[in-house]
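Before any comments, here is the structure.
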Amino acid sequence: MNHLIVYAHPHAGSFNNAILDTAVGALKAKGHEVHVRDLYKLGFDPVLSEADTAALREGQAPSDIKTEQEYLAQADVITFIYPIWWTGMPAILKGYVDRTFSYGFAYQYNSQGGIDKLFTGKKGVIINTYGTPGDIYESIGMNASLRQTASGGIFDFCGVQVVEHYLFGGVTTVATDDTRKGMLAQVEKTFSSF
């Protein structure tokens, strides 16, 4: 299978980086083709400009968007790995979605007024980390909101079947080394199952 991992964390020593390494290692051990798009290392421009919009409407995606869309088109599985900041994804990843999951590429409206989900047949995994203890986010409904906006509002909206959406809370505050090792074991199990 062809796996695309879109990674959005600026720090090389982060727990997100350990998650990325675990996912890549598990996939490669099973012989999968893996492409990692590290948005910070790429210096990906997250700003959807008026020129981008005009070009996309004409079917002439700017070169940086076209490159990412080629990776998306070829992927059997799309994985997003990112921290939760201010109860959402980092701006660079939101901009990636804004610019690459474009109308006519990831979705479109049909003549009946419905939505054609152009990524139907692809699978998806989302892995999030945040500092707030997980039980707090669960009790206030934040975990459900995060699932709704990313799993539902992005992946499902375009037809991507979400296989797993991990929300790892307290990673920088209350989680112990053993707790984090358990989180990485869950990641390894998921990616080894493909």
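No lab work stands behind these numbers, since they all come straight from the coordinates. None of these values were measured; they are calculated from a predicted model. Neighbour counts are summed over all protein chains in view; Cβ atoms, including those assigned to glycine, are modelled from backbone coordinates with ideal geometry.
When the residues of the stretch 44-86 are filtered to those that are polar (S, T, N, Q) and more than 15 Å from the chain's Cα centre (by Cα), the one that is farthest from GLY131 (Cα to Cα) is GLN60.
Checking each residue in the stretch 135-185 for being of a type in the set (S, T, N, Q), within 20 Å of PHE80 (Cβ to Cβ) and surrounded by fewer than 17 Cβ atoms within 10 Å (Cβ to Cβ) picks out SER145, GLN148, THR149, GLN161, THR172. For GLU188, the requirement of being under 22 Å from HIS9 (Cα atoms), in contact (Cβ under 8 Å) with a residue 60 or more places away in the chain, surrounded by fewer than 18 Cβ atoms within 10 Å (Cβ to Cβ) and not aromatic (Phe, Trp, Tyr) is met.
Selection of the stretch 1-37 for residues being touching a Ser or Thr at 6+ places or on another chain (Cβ under 6 Å) and not in a helix (DSSP H, G or I) yields only ILE5. Among the residues making up the stretch 23-39, those that are over 14 Å from the mean Cα position of the chain (by Cα) and over 29 Å from ASP178 (Cβ atoms) are GLY31, GLU33. Screening LYS30 on (1) surrounded by 21 or more Cβ atoms within 10 Å (Cβ to Cβ); (2) under 19 Å from THR190 (Cβ atoms) shows it passes everything except condition (1). Remark: LEU20 falls outside the filter, which requires a residue to be over 15 Å from the mean Cα position of the chain (by Cα) and surrounded by 15 or more Cβ atoms within 10 Å (Cβ to Cβ). Within the stretch 48-102, the set of residues being touching a Leu at 6+ places or on another chain (Cβ under 8 Å) and among the aliphatic types (A, V, I, L, M) comprises ILE65, LEU72, ALA75, VAL77, ILE78, ILE81, ILE84, ILE92, LEU93. Note on the stretch 91-162: enclosed strands (runs of 3 or more DSSP E) holding 3 or more residues that are over 22 Å from ALA61 (Cα atoms) and among the β-branched types (Val, Ile, Thr) are 123-129.
Among the residues of the stretch 85-104, is any surrounded by fewer than 17 Cβ atoms within 10 Å (Cβ to Cβ), at positive phi and in contact (Cβ under 8 Å) with a residue 12 or more places away in the chain? Checked against the condition, which is being surrounded by fewer than 17 Cβ atoms within 10 Å (Cβ to Cβ), at positive phi and in contact (Cβ under 8 Å) with a residue 12 or more places away in the chain, the stretch 85-104 yields at least one hit. For the residues THR132, THR53, the requirement of being hydroxyl-bearing (Ser, Thr, Tyr) and under 21 Å from SER14 (Cβ atoms) singles out THR132. Residues that are touching a residue at least 40 places away in the same chain (Cβ under 8 Å) and β-branched (Val, Ile, Thr) were ranked within the stretch 162-185; the one that is nearest to SER102 (Cα to Cα) is VAL163.
Of all the residues in the stretch 133-161, those that are touching a residue at least 60 places away in the same chain (Cβ under 8 Å) and closer than 17 Å to TYR103 by Cα number 2.
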